[in-house]
Amino acid sequence: MAEHEVILAGEEPQFFEGVEKLLEVWFTREDGRIDNCNLRKIPRHQLVSLLKIVRCEIISSVQNDQLDSYVLSESSMFVSQRRFILKTCGTTTPLQCLEPLLLLVTKYAGFDAVEDVYYSRKNYKRPELQQSPHCNFEQEVAVLDSFFKDGAAYCLGSVNRDCWYLYTLHPLRGPRRGTTEPDQTLEIMMTDLDPEIMSIFTREECSSAAEATLRSGIDKLLPDMIIDDYLFEPCGYSMNGISKTEGCYMTIHITPEPEFSYVSFESNVPLESYKEVIMRVVKTFRPGKFVLAVFANKTSVAAKAPRELEKEASFGDWLRHDVHYCRFKSYDLTYALYSKFPS
């Protein structure tokens with residue numbers, strides 16, 4: 001969520017692409033000896049240089065024992081022992097950082113192999129404004145294939161309406177090296193937001209990010225998290241939340257302009273069911289429609305959550321219009337599209 005330009009009376013608002021590109025990379029070693037390896041050893045100035053390639057910068061950061069969390073000028077970055085997450089909106093170019101990232105990991109973190117890659121995004125509202133290699137999914141897949149073998153690309157949903165793209169590695173090959181640790185992710189991508197709610201995330205309505213967080217109820221979505229939030233000028237909002245001791249995070253990014261409003265929510269908090277969290281999120285932001293993506297591997301307490309959500313035909317006033325269930329090597333995934341009746 002980048003700073004938005006002031007719009008003069010009578011002018012068309014300058015478009016901003018709220019849809020994020022999400023890159024998640026898990027690292028390992030060929031010999032399995034990862035105890036002394038850690039992505040958090042990469043110096044901050046090297047991360048700053050990496051983000052320049054992506055066309056964004058660090059605004060603020062918080063840490064706990066397991067996780068470094070960064071609010072960026074365009075969304076977020078999270079770094080733990082062996083997982084790197086980069087989530088960027090606007091016209092950023094995250095895939096351009098892959099080669100320097102792999103070099104930094106080898107030089108500073110001690111890993112020598114990539115265990116898994118997940119690259120995903122919703123379809124853009126204005127794809128013609130994107131920079132290479134993000135002009136279309138085929139171009140993005142070509143870049144990813146140049147780095148990784150056995151990559152597989154998917155499109156879930158309606159390609160001429162709302163869809164979600166995913167690229168991952170060897171989805172059906174044998175077990176991964178080492179022990180698969182519990183992992184899960186919930187993503188909610190919302191459009192056609194309630195203008196009254198969106199007005200909270202403007203400098204005209206709120207003088208600080210803390211005020212916007214409290215007025216909107218964001219602090220109640222997943223309580224007991226350390227919140228790092230930022231309110232842009234003249235509008236726009238980003239926040240990261242991390243648990244006090246564990247490697248759990250949440251992140252929210254808001255593009256509030258009514259012509260192209262967009263809100264994303266993401267968390268890896270382990271829960272047996274995500275139904276209550278999803279309901280809290282959509283009641284907080286009141287979107288006209290939202291896309292849902294839920295990942296969980298077999299060792300997670302959320303292992304049954306994708307199957308549970310596959311059966312969820314509605315969330316209050318939001319009715320399901322599309323659903324896909326996928327089973328990969330280590331993860332199950334459910335994608336679904338919901339919208340308010342009578343969409």
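Give, as residue ranges, the strands (runs of 3 or more DSSP E) completely inside the stretch 148-265 that count at least 1 residues that are touching a residue at least 24 places away in the same chain (Cβ under 8 Å) and within 15 Å of the chain's Cα centre (by Cα). Quick ask: steps written out before the conclusion?
Details: elements: 151-157, 163-169, 184-191, 226-231, 237-242, 249-255.
In the stretch 148-265, the matching strands (runs of 3 or more DSSP E) lie at 163-169, 184-191, 237-242, 249-255.
If only residues of the stretch 136-163 that are closer than 26 Å to residue 37 by Cα and of a type in the set (A, V, I, L, M, F, W, C) are counted, the one that is most open to solvent (accessible area, probe 1.4 Å) is 147.
Exactly one residue among 98, 86 is under 17 Å from residue 54 (Cβ atoms), out of contact with any strand residue (DSSP E or B) (no Cβ under 7 Å at 6 or more places or on another chain) and outside any loop (DSSP other than H, G, I, E, B), and that residue is 98. Here residue 310 does not qualify as more than 24 Å from residue 165 (Cβ to Cβ), open to solvent by 20 Å² or more (accessible area, probe 1.4 Å) and either touching a Lys or Arg at 6+ places or on another chain (Cβ under 6 Å) or among the charged types (D, E, K, R) (or both). Restricting the stretch 280-293 to residues that are part of a strand (DSSP E or B) and either out of contact with any Asp or Glu (no Cβ under 7 Å at 6 or more places or on another chain) or not small (Gly, Ala, Ser) (or both), the residue that is surrounded by the most Cβ atoms within 10 Å (Cβ to Cβ) is 290.
Mind listing just one residue for me: the one in the stretch 326-343 that is in contact with a Lys or Arg (Cβ under 9 Å, 6 or more places away or on another chain) and open to solvent by 50 Å² or more (accessible area, probe 1.4 Å) and, of those, farthest from residue 285 (Cα to Cα)? Taking the candidates together, the pick is 343.
What do you reckon, is residue 117 in contact with a strand residue (DSSP E or B) (Cβ under 6 Å, 6 or more places away or on another chain), outside any strand (DSSP E or B) and either modelled with pLDDT of 95 or more or not polar (S, T, N, Q) (or both)? Break it down stepwise before answering.
Working: in contact with a strand residue (DSSP E or B) (Cβ under 6 Å, 6 or more places away or on another chain): yes; outside any strand (DSSP E or B): no; either modelled with pLDDT of 95 or more or not polar (S, T, N, Q) (or both): yes.
Against the criterion (in contact with a strand residue (DSSP E or B) (Cβ under 6 Å, 6 or more places away or on another chain), outside any strand (DSSP E or B) and either modelled with pLDDT of 95 or more or not polar (S, T, N, Q) (or both)), residue 117 does not qualify.
Quick check on my filter: what residues within the stretch 16-32 are over 12 Å from residue 82 (Cβ atoms) and at pLDDT 95 or above? If the condition is that a residue be over 12 Å from residue 82 (Cβ atoms) and at pLDDT 95 or above, then 16, 17, 18, 19, 20, 21, 22, 23 are the ones that fit.
The single condition among (1) without any contact (Cβ under 8 Å) to a residue 60 or more places away in the chain; (2) over 18 Å from residue 26 (Cα atoms); (3) in contact with a helix residue (DSSP H, G or I) (Cβ under 6 Å, 6 or more places away or on another chain); (4) open to solvent by 20 Å² or more (accessible area, probe 1.4 Å) that residue 133 does not satisfy is (4).
Please enumerate the residues belonging to the stretch 238-287 that are small (Gly, Ala, Ser) and in contact with a helix residue (DSSP H, G or I) (Cβ under 9 Å, 6 or more places away or on another chain). Can you show your working first?
Let us first name the residues in the stretch 238-287 that are small (Gly, Ala, Ser), namely 238, 241, 243, 247, 261, 264, 267, 273.
Of everything in the stretch 238-287, those that are small (Gly, Ala, Ser) and in contact with a helix residue (DSSP H, G or I) (Cβ under 9 Å, 6 or more places away or on another chain) turn out to be 238, 241, 261, 267, 273.
Name the residue, out of 277, 269, that is more than 12 Å from residue 76 (Cβ to Cβ) and either open to solvent by less than 20 Å² (accessible area, probe 1.4 Å) or in a strand (DSSP E or B) (or both). Full working, then the answer.
On the way: 269 fails: either open to solvent by less than 20 Å² (accessible area, probe 1.4 Å) or in a strand (DSSP E or B) (or both).
It is 277.
The values are calculated or read from the model by the stated rules, or taken from the named source; none is laboratory data. What you see is a predicted model; the values in this text were computed from it and never measured. We place every Cβ from the backbone using ideal geometry, glycine too, and count neighbours over all the protein chains shown. When the accessible area is computed, the model is the full protein with side chains, heavy atoms only, and any ligands, DNA or RNA have been set aside. Shrake-Rupley method; radii C 1.70, N 1.55, O 1.52, S 1.80 Å.
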